[in-house]
1. What pairs come out if I take residues in segment A:44-67 that are more than 11 Å from DNA strand C (Cβ to nearest atom) and pair them with residues that are open to solvent by less than 10 Å² (accessible area, probe 1.4 Å) and basic (Lys, Arg) whose C-beta lies under 9 Å away, six or more apart or interchain?
2. Within segment A:98-146, can you find the residues that are open to solvent by less than 10 Å² (accessible area, probe 1.4 Å), in a loop (DSSP other than H, G, I, E, B) and among the hydrophobic types (A, V, I, L, M, F, W, C)?
3. If residue A:165 satisfies all but one of (1) hydroxyl-bearing (Ser, Thr, Tyr); (2) surrounded by 23 or more Cβ atoms within 10 Å (Cβ to Cβ); (3) part of a loop (DSSP other than H, G, I, E, B), what's the number of the condition it fails?
4. For segment A:1-54, which positions are open to solvent by 70 Å² or more (accessible area, probe 1.4 Å) and within 18 Å of the chain's Cα centre (by Cα)?
5. Tell me which residues, restricted to segment A:168-216, are of a type in the set (Ser, Thr, Tyr) and either part of a strand (DSSP E or B) or open to solvent by less than 10 Å² (accessible area, probe 1.4 Å) (or both).
6. In segment A:55-89, what count of residues is obtained for those that are touching a Lys or Arg at 6+ places or on another chain (Cβ under 8 Å) and either open to solvent by 10 Å² or more (accessible area, probe 1.4 Å) or on the phi > 0 side of the Ramachandran plot (or both)?
7. Can you pull out the strands (runs of 3 or more DSSP E) entirely within segment A:7-75 that have at least 1 residues that are at pLDDT 95 or above and closer than 20 Å to residue A:112 by Cβ?
Amino acid sequence: MENYDTLSIPEATLLQNKLRERVDTSERELSIQWIGGADVSLNLYSTTIYAGIIVLSFPALQPVGWSLVRAETRFPYVPGYLAFREVPALVEAWRRLTLKPDVLVVDGHGIAHPRRLGIAAHFGVETGQPSVGCAKKLLTGNYHEPGLLVGDHSPIMAGVEQIGYAFRSKSKTAPVFVSPGHLVGMENSLQIIRQCIGKYRIPEPTRLAHELVNRFRRGELPEGVG
DNA sequence: GCGACAG
DNA sequence: ATCTTGTCGC
């Protein structure tokens, strides 16, 4: 994996177009024993990022391990290029994990991206690991509001192409946006997230990863694995 | 040119 | 993304 810090936006766009050719979103039978959640936390106006991955048993969703990494980024946040900011630290956190999950849920989009290479798909291709994207806001595409009950969903469309699902993870609450990352199909991604629902809007892997990295950033947890 | 815009 | 208490609605 090359260094992203000095890439210009046009260069980053070229790399995305090249990496997207390697994305595989064919449906498959997934036997999941461990599922991971990945997220990043940072202080406003700071280039220090606190990345973390939490591993949960599946389908019980009980924490069994984690990895925390502090890193510096020069790449700014630009919508559509989030991966260039967060993926390097997440890959390092992944590398240090002793128990690798069978699939990783990343905070952000999978192929529901202008060039079909959101952070979850980007991470998946760079590591060769199955991944799913679950975002709190839409980046690109259109959808009709799904029903108001847990489990209700509707496709996110980019023209005639389906790029994800608007999924009601909690009744009468704003939906989350699910899309395949790498080595996971469209239906697979929805089934995976559906099985990660707890008491809150945000699916457990992502929610617990967010909680983890925030404690790390505040100094309540040390860098390392556990 | 205008609006939209993950974290 | 982060800073934050109360408050409204189911």
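1. From residues that are more than 11 Å from DNA strand C (Cβ to nearest atom), there are no pairs.
2. A:112, A:117
3. It fails just one condition, (3).
4. Hits for segment A:1-54 are A:20, A:22.
5. Within segment A:168-216, the subset of a type in the set (Ser, Thr, Tyr) is A:169, A:171, A:173, A:179, A:189, A:200, A:206.
Selection gives A:169, A:179, A:189, A:206.
6. Total meeting the criteria: 3.
7. On the way: elements: A:34-42, A:48-57, A:63-72.
Once the strands (runs of 3 or more DSSP E) in segment A:7-75 are filtered for at least 1 residues that are at pLDDT 95 or above and closer than 20 Å to residue A:112 by Cβ, what remains is A:34-42.
Let's see how each residue does on (1) among the polar types (S, T, N, Q); (2) within 14 Å of the chain's Cα centre (by Cα); (3) within 16 Å of DNA strand C (Cβ to nearest atom):
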{"position": "A:136", "(1), (2), (3)": "no, yes, yes"}
{"position": "A:150", "(1), (2), (3)": "no, no, yes"}
{"position": "A:161", "(1), (2), (3)": "no, no, no"}
{"position": "A:175", "(1), (2), (3)": "no, no, yes"}
{"position": "A:215", "(1), (2), (3)": "no, no, yes"}
{"position": "A:221", "(1), (2), (3)": "no, no, yes"}
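The values are calculated or read from the model by the stated rules, or taken from the named source; none is laboratory data. All of these numbers come straight from a predicted model, not from anything done at the bench. Quick reminder, even Gly has a Cβ in these numbers, built from the backbone with ideal geometry, and neighbours come from all protein chains shown. In case anyone asks, the SASA skips ligands and DNA or RNA and just uses the protein heavy atoms, side chains included. Shrake-Rupley method; radii C 1.70, N 1.55, O 1.52, S 1.80 Å.
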